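Everything on this sheet refers to the single structure shown next.
The values are calculated or read from the model by the stated rules, or taken from the named source; none is laboratory data. No experiment lies behind these values; they were computed from the predicted model shown. Virtual Cβ from ideal backbone geometry, glycine too; neighbours counted across all protein chains shown.
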């Protein structure tokens, strides 16, 4: 009997051994489940398609289009007709060989990209012959499609994330698109949405053999948000057309809301060239054009002397500070001596007596120099007067970033007493020293969007709303994000100034900007400017500037036009601004002759002058 | 009498047999499954073949049962004569066959094998394994100490004790433990050495030679308590475990049915083996008893080596899990063995 027990106990002992082992493996150790998941399950991200971008009237500006990356898995590849492939995709055999070698070095089993972003037309031709190329396949991707190819400077562009960005933000995967500039960058999170995941069952060769658990564990991606811009696509397109072959910018704002209607920079580029296979080549061409600087947004980043339009602000500050009243009269004798031996020229005739209204529409240098002197001298000392003057300008949004929703910008510059104390010596300067500020030619620098913004503040008679580029449907959010910014100048002081600006267009320097049936208020500017040419300060042809708003009562549009080296404000800037206003308010332009002149006019000759290496004349 | 035979049949064994074959069929189906329905009776795929072999086995059941037990007894000499050359397979360098024959020690043990030889065998295996793990010097010292202690105990209990067997034993142990390394390095082939090294943890390698055992453990371990469910085993679907429908079928069971499934299979086998062993003892004649012990022994060796292998307790030896693994001849052979056992058992009293 003992032998039977031995045999039974061997059997039972083995069973016990197995049960203990099973208990530890299956019930106590948890590591195996994780290993098994890594082993056999592949988690693949699903990207929501990038959000669409519309203009203020609901016109689709930016959509998405499929492109195809040609991929290869080296292990599955075999000898193929390289000539045919290179011809179909029009790229060189060397390039193909380099890419294939790279792919092999990277991994024999994992896919590598051979050709990026093949357009769907090219793909269609190759797709039906793809059976001849074992191991090759197309991987679909979506990139931007600019339905209306405008406003590249506002929209920005997208490109694949780089490894550095992935390190900073781990939610990005290699090959994913990221917004690089403009709206695409500012609203990256909304436009991108949130990616989801799909789980796949892998086999022992790391190949996907189907979805895992019929996709029960898959997480749906959170769809991206569409964005409605404040831009008016028609106006933007028109502005870009008017600015062709010129350099400069147009900024148009709706004064009552601060919504930017158009932001034109010239020269510009077609956003569609930064999509697809030629992207890299085109982008470096844009980047390397350091003369015309197509990537430089002149509307936001170019700091110019504001010129004569700045006189309007000095008039308002003078009124508020009681330095002048609307009836104050200053005399002008083709200019005036602002200090001993220092004469500032003006185009007024000898013996002219100007009141404020006349001073504005005649753009009298003497009038505003004297006003400016009174502002500074009215205070206890020049320093205090200067700082008070500066604080008014700051409240007009000058001298600092405006805080709009695009990632680039410039502060401009409004000098204060500390600046002049450093440049001269404390107490060693007074109004005559800094008199150029009175006519917008001194140390003051503004960007076109800042000028458009103070024009909007004048149109609103005393306040502005921060310019912005996207429309919000949520009224509460909109009001909290974009409150009224008071300029600190009483609205009663605006009437004379606005009347003066109206007169500028009616009978003054900008008669060309007059539009039948619309009361336009404006102010021209002709700004001296200098560059360093071969180490010498050289004066170039003046910049042509115009600020305007219309209609006079209840304004719908405030606009600034800046044309580099265009000479008189009335020669280029005023007509362009006038056409823009007419286009926006009337929907069509009656003055075909003016439109033709602006559309076809080119300043290229002017821009070539300093580069020619020969002596040249300016202001012709 | 024929009616009575049905009642005298060992129903429990038969039920366990049917359960094991069904478990086998379900899991073979799962290993071959790939998102599309497989037709059960299609001979093209493993599950179909296994199914038809099962059907054939069941058809043989009544035939085998109605044969008179004497028939096997009388025929045994003829069968022995015919099948004796099969024993030559032991000369082949195949560990599986050797182990199967070694398994017959159950019979020998029952029919009068000296227990000391059995213990000696166990001792040698222990010395072999310990010497691979530790220095032969330490193993020798431990063996000598153990033998001296047991000599002391026996001497205390019995007046007259011969020293010779103990001295012989001591010499044998020392000699053997020092020759283990020679046997291991010179007589074993590399694959055997690899298997031992992996099992004893002397080498860790989850990609090359240790791949099987590692993937097998992952499959079993990831099953958890209740498993991933029928057709949902990710290791099984991905084909990570080689030979999963044959030798490694236990990993599929463990992964998809969890601890519940795997322990059930272990318990079913234990119950069947114990039942055969207990029933075998009731035979009054030697032949059926020896046969039943032989059958239990076959079952045990296959059960122990196969499941031990998937659990990483026994070096890899390619033998199937009886009734469960895919393999028509294996299923047919084990079914016939079981049916003959049932025949003997049912006719015990007649």
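Being closer than 16 Å to residue A:280 by Cβ and not in a strand (DSSP E or B): is that true of residue A:91 here?
Answer is yes for this residue.
On the given criteria, is residue B:206 part of a loop (DSSP other than H, G, I, E, B) and either closer than 22 Å to residue A:201 by Cβ or at pLDDT below 90 (or both)?
yes
Tell me which residues, restricted to segment A:422-460, are in a loop (DSSP other than H, G, I, E, B) and within 34 Å of the chain's Cα centre (by Cα).
Those that are in a loop (DSSP other than H, G, I, E, B) and within 34 Å of the chain's Cα centre (by Cα): A:440, A:441, A:442, A:443, A:444, A:447, A:460.
Provide a single number: the residues in segment B:81-121 that are under 22 Å from residue B:316 (Cβ atoms) and without any contact (Cβ under 8 Å) to a residue 60 or more places away in the chain.
9
Please go through segment A:25-49 and give me each residue that is facing chain B (nearest Cβ under 9 Å) and at pLDDT 85 or above, ordered by number.
Across segment A:25-49, the qualifying residues are A:25, A:26, A:27.
Do the conditions hold for residue B:302, that is, is it more than 10 Å from chain A (Cβ to nearest Cβ), assigned to a loop (DSSP other than H, G, I, E, B) and either without any contact (Cβ under 8 Å) to a residue 24 or more places away in the chain or crowded, with 20+ Cβ neighbours inside 10 Å (or both)?
no
May I ask you to verify whether residue B:324 is over 21 Å from residue B:255 (Cβ atoms), in contact with a helix residue (DSSP H, G or I) (Cβ under 8 Å, 6 or more places away or on another chain) and outside any helix (DSSP H, G or I)?
Against the criterion (over 21 Å from residue B:255 (Cβ atoms), in contact with a helix residue (DSSP H, G or I) (Cβ under 8 Å, 6 or more places away or on another chain) and outside any helix (DSSP H, G or I)), residue B:324 does not qualify.
With respect to residue A:396, is the statement that it is touching a strand residue (DSSP E or B) at 6+ places or on another chain (Cβ under 8 Å), in contact (Cβ under 8 Å) with a residue 40 or more places away in the chain and under 16 Å from residue A:299 (Cα atoms) true?
No.
Go through (1) touching a residue at least 60 places away in the same chain (Cβ under 8 Å); (2) touching a helix residue (DSSP H, G or I) at 6+ places or on another chain (Cβ under 7 Å) for residue A:240 and report which single condition fails.
Failing condition for residue A:240: (2).
Could you go through segment B:231-244 and let me know if any residue there is closer than 28 Å to residue B:124 by Cβ and surrounded by 14 or more Cβ atoms within 10 Å (Cβ to Cβ).
Among the residues of segment B:231-244, not one is closer than 28 Å to residue B:124 by Cβ and surrounded by 14 or more Cβ atoms within 10 Å (Cβ to Cβ), which makes the answer no.
Looking only at segment B:265-297, how many residues end up being within 18 Å of residue B:16 (Cα to Cα), surrounded by fewer than 22 Cβ atoms within 10 Å (Cβ to Cβ) and touching a residue at least 60 places away in the same chain (Cβ under 8 Å)?
4
List the strands (runs of 3 or more DSSP E) inside segment A:174-260, counting only whole elements, that have at least 2 residues being surrounded by fewer than 23 Cβ atoms within 10 Å (Cβ to Cβ) and either within 14 Å of chain B (Cβ to nearest Cβ) or at pLDDT below 90 (or both).
Output list reads A:196-202, A:208-211.
Test each condition in (1) at pLDDT below 90; (2) in a loop (DSSP other than H, G, I, E, B); (3) away from chain B (no Cβ under 14 Å) for residue A:159 and report the one that comes out false.
The number of the failed condition is (2).
Out of A:393, A:356, A:319, A:398, which single residue is over 20 Å from residue A:464 (Cβ atoms) and touching a helix residue (DSSP H, G or I) at 6+ places or on another chain (Cβ under 9 Å)?
None of the others qualify; the one that does is A:356.
Between A:62, A:72, which is buried (at least 19 other Cβ atoms within 10 Å of the Cβ) and within 34 Å of the chain's Cα centre (by Cα)?
A:62
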